1. Looking at segment 308-324, can you tell me whether even one residue there is over 30 Å from ARG103 (Cβ atoms), touching a residue at least 40 places away in the same chain (Cβ under 8 Å) and more than 24 Å from the chain's Cα centre (by Cα)?
2. Would you pick out the residues in segment 91-115 that are touching a residue at least 60 places away in the same chain (Cβ under 8 Å), in a helix (DSSP H, G or I) and not acidic (Asp, Glu)?
3. Restricting to segment 117-146, name every residue that is open to solvent by less than 80 Å² (accessible area, probe 1.4 Å) and more than 29 Å from GLY287 (Cβ to Cβ).
4. Count, please, the residues in segment 68-98 that happen to be at pLDDT below 80 and either among the acidic types (Asp, Glu) or in contact with a Gly (Cβ under 7 Å, 6 or more places away or on another chain) (or both).
5. Would you say PRO161 is surrounded by fewer than 18 Cβ atoms within 10 Å (Cβ to Cβ) and within 30 Å of SER312 (Cβ to Cβ)?
6. Any idea which of VAL252, VAL211, VAL296, VAL284 is part of a helix (DSSP H, G or I), at pLDDT 90 or above and hydrophobic (A, V, I, L, M, F, W, C)?
7. Listed residues THR106, THR111; which is open to solvent by 40 Å² or more (accessible area, probe 1.4 Å) and within 30 Å of VAL230 (Cα to Cα)?
8. Pairs under 7 Å by beta carbon, first residue closer than 22 Å to LEU134 by Cα in segment 241-258, partner in a helix (DSSP H, G or I) and of a type in the set (Ser, Thr, Tyr), six or more apart or different chains?
Amino acid sequence: MTTVAVQRQAQRRRSPLLGYLLRRAGTSLLLLVGVTIVTFALTNLVPGDPVSAALGEGASQNPATREAFIREHGLDQPLFVQYFIYMGNLLRGDLGTSLVTGRPVTSDLATAVPATIEIAIGAIILSLVVSIVLGTLAAYRRGLVTDQVIRVVTLVGLSVPTFWLALVSFYVFFLELRIAPGSGRISPSITPPPRVTGLYTVDYLLNGDAVGFFDALAHLALPVMVLSLVTIGLLTRFIRTSVLEVLGSDYVRAARAKGLPAMRVILDYVLRGASLPILTVVGVAFGALLSGTVLVESVFAWPGLGTYAYNSAANLDLPGIMGVGLVVGFIYLLINFVVDLLYGVLDPRVRIA
């Protein structure tokens with residue numbers, strides 16, 4: 001086969017994946033526009049007076065001050081005009097100024113989002129490792145005592161309220177046993193690292209600061225453990241079901257009949273065959289961790305996206321609320337896009353269809 005023929009064949013193989021990627025990117029872009037519309041509409045339907053919330057009861061009673069604030073923020077314009085102004089600012093990377101902090105919303109989110117990503121990544125990695133082991137073990141021991149114990153434990157993990165688990169963990173490990181650090185991302189005596197990624201553990205490593213790294217890692221332990229226990233319950237039960245479906249497949253029985261080692265059968269045949277549905281649930285779980293950490297962050301005084309969202313909602317900070325809504329929507333779209341892309345990479349039938 002000539003070189004030209006080989007290149008054409010390689011191009012034909014890549015084209016389905018490229019077309020699949022472009023279709024998913026176009027769909028995600030349209031959905032992102034829809035997210036901006038929904039976020040803007042719902043935020044402006046929130047009951048309450050944002051002017052009074054921003055200026056306070058005293059200043060908001062002054063007609064001149066109130067009118068100047070309304071004109072400055074464009075609140076006297078029709079909603080569709082406000083939306084187009086908002087979209088124009090958004091395309092320039094301007095999410096407005098927070099009515100609570102007085103800083104640009106982008107600056108606030110640039111600090112809050114990495115803090116939440118740090119605990120979410122730790123939680124999803126720990127959850128996935130433990131869940132693969134427990135779920136596969138439960139599937140192989142179906143109906144036996146091991147399976148029953150794992151199913152009961154995961155059911156308890158799903159049933160326990162996250163905020164209660166966070167409070168109990170904080171009380172036991174910090175207040176009573178004194179084996180875990182207190183609230184926040186680092187101890188008061190530790191200097192924050194020079195900002196590179198916003199993830200303290202990564203930035204300390206890049207800066208070569210071992211003391212800061214281990215202190216930040218210790219502060220991550222309790223929030224990650226609390227978030228992981230709930231996620232482990234969900235993933236373990238789903239992985240058990242997916243592995244059970246694959247165990248009955250012809251190719252798994254053929255691999256066993258060939259006398260292949262059990263570990264190779266599990267890694268190369270069982271888990272690989274069950275990877276696609278597991279990938280979907282992991283994506284959903286990771287999105288939930290990024291957007292649903294309000295209570296855990298409140299207990300551990302973690303300055304993340306959940307804490308920022310709560311403060312914005314409590315003070316009727318419309319730019320902050322819209323910024324959080326936009327970020328959460330973008331996170332879910334990005335995760336779904338990555339999951340769809342991995343689907344196309346792992347399963348040729350998806351990209352060809």
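1. Start the filter on segment 308-324 by keeping residues that are over 30 Å from ARG103 (Cβ atoms), which leaves none.
No: zero hits.
2. Correct list: VAL105, THR106, LEU109, ALA110, THR111, ALA112, VAL113, PRO114, ALA115.
3. Correct list: GLY143, THR146.
4. Here the count works out to 2.
5. Values: surrounded by fewer than 18 Cβ atoms within 10 Å (Cβ to Cβ): yes; within 30 Å of SER312 (Cβ to Cβ): yes.
The answer is yes for PRO161.
6. Values: VAL252 fails: at pLDDT 90 or above; VAL296 fails: at pLDDT 90 or above; VAL284 fails: at pLDDT 90 or above.
VAL211 is the lone residue from the list that is part of a helix (DSSP H, G or I), at pLDDT 90 or above and hydrophobic (A, V, I, L, M, F, W, C).
7. THR111
8. Going by the 7 Å Cβ cut-off, the qualifying pairs are VAL243/THR136; VAL252/TYR269.
The values are calculated or read from the model by the stated rules, or taken from the named source; none is laboratory data. Source: prediction; values computed, not measured. Every residue, glycine as well, gets a Cβ built from its backbone with ideal geometry; the counts of neighbours run over all protein chains shown. These accessible areas exclude ligands, DNA and RNA; they are computed on the full protein's heavy atoms, side chains included. Shrake-Rupley method; radii C 1.70, N 1.55, O 1.52, S 1.80 Å.
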